[in-house]
Amino acid sequence: MNWRKDARWIKFCEKHKANLISKNLPQMTKHTIQKFPKSRIATIDICGIGKRKHHVTGLIEVDVTKSREGIREYNRQHKNKISFNAWMIHVICHTLKNHKTATAYLKGKNRLMIFDDINVSMIVEKELNGQKVPIPLLIESADKKSIDEIHNQIADAKNKAFTEKDIVLQKKADRLERIYYLLPGFLRGYVWRFMLRHPKLAHKKMGNVAITSIGMMGQVKGWFIPISVHPICFGLSSIVKKPVAIENMVEIREMLQMSILVDHDVIDGVPMARFISELSWNIERGLIMDKLS
């Protein structure tokens, strides 16, 4: 019976796999095995689910010279400083209030659930056991918060002590979240699919807007396209100085390269273009900064 011989051969190979591999590989295969933090498991799961989303990506470049000048002037005059990222979150939320469909979740086949509040999910880098670990921070009702409040929440999250038990910064993990990392992959995937099919739960746990700022971590000259499960996601790269033509004159300006992912299931191309146009205008005109200074 050939199938019995094949089965015995497979069993033999499995039993002696380590010896067979070590004898045939050259002796120069020195390596190190590093265990990554549990939070990385959630990142892998999000990438798998996010790849199935019908996101349309826009790559834009905006002039932030005026905005940055306004922030520097404000920080010179006030004891409580604000960051560029806190201002950007404020401007994005302010603009999205006029385009709330972009923040909606698909409910069923042909309905949208549009929330009054904009909950923003962003990444804060923390150190755990000598490793830099990206951990999500949820800024609830970000559209109703001032720039100072957003800045202070981000600063508090950066300074707060972090342990392996923490899943989302500044939020206590419930029982399901604590056992999440113990589940096999197919069950973890089911957890994400279940959450996305229940928009109220998704809005509460992970928000309806995602913002990833690689520019906070280091200089990245170019665009990067994040993977997200949110209805809309922003990828902020670094700010670079570039020559720009302004009224027939060439000036050196500070330019921010930014990618925007929008779920095509909830918004079409024309409304998306209107939103990007208004957002670019608000960023380049230094929205709010003239009132703060």
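No other residue among ILE44, ILE60 is at pLDDT 65 or above and in contact with a strand residue (DSSP E or B) (Cβ under 8 Å, 6 or more places away or on another chain) apart from ILE60. All of ILE211, ILE283, ILE239 fail the test of being within 20 Å of the chain's Cα centre (by Cα), under 26 Å from ASP148 (Cβ atoms), touching a residue at least 60 places away in the same chain (Cβ under 8 Å) and not in a strand (DSSP E or B), apart from ILE283. Within region 248-279, the set of residues being in contact (Cβ under 8 Å) with a residue 12 or more places away in the chain, among the acidic types (Asp, Glu) and in a strand (DSSP E or B) comprises GLU254, ASP263. The set of residues from region 43-66 being within 20 Å of VAL220 (Cα to Cα) and either in contact with a Cys (Cβ under 6 Å, 6 or more places away or on another chain) or polar (S, T, N, Q) (or both) comprises THR57, THR65.
Yes/no matrix, rows are residues, columns are (1) touching a residue at least 40 places away in the same chain (Cβ under 8 Å); (2) surrounded by 12 or more Cβ atoms within 10 Å (Cβ to Cβ):
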residue	(1), (2)
LEU112	yes, yes
PHE115	yes, yes
MET122	yes, yes
GLU127	no, no
SER141	no, yes
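Does region 99-122 contain any residue that is assigned to a helix (DSSP H, G or I), modelled with pLDDT of 90 or more, in contact with a Leu (Cβ under 8 Å, 6 or more places away or on another chain) and farther than 28 Å from ILE147 by Cβ? Among the residues of region 99-122, not one is assigned to a helix (DSSP H, G or I), modelled with pLDDT of 90 or more, in contact with a Leu (Cβ under 8 Å, 6 or more places away or on another chain) and farther than 28 Å from ILE147 by Cβ, which makes the answer no. State whether the residues of region 66-79 include one that is under 19 Å from the mean Cα position of the chain (by Cα), in a helix (DSSP H, G or I) and among the small types (Gly, Ala, Ser). Taking every residue of region 66-79 in turn, none turns out to be under 19 Å from the mean Cα position of the chain (by Cα), in a helix (DSSP H, G or I) and among the small types (Gly, Ala, Ser).
The values are calculated or read from the model by the stated rules, or taken from the named source; none is laboratory data. What you see is a predicted model; the values in this text were computed from it and never measured. Counting neighbours? That spans all protein chains shown, and the Cβs are built from the backbone with ideal geometry, glycine included.
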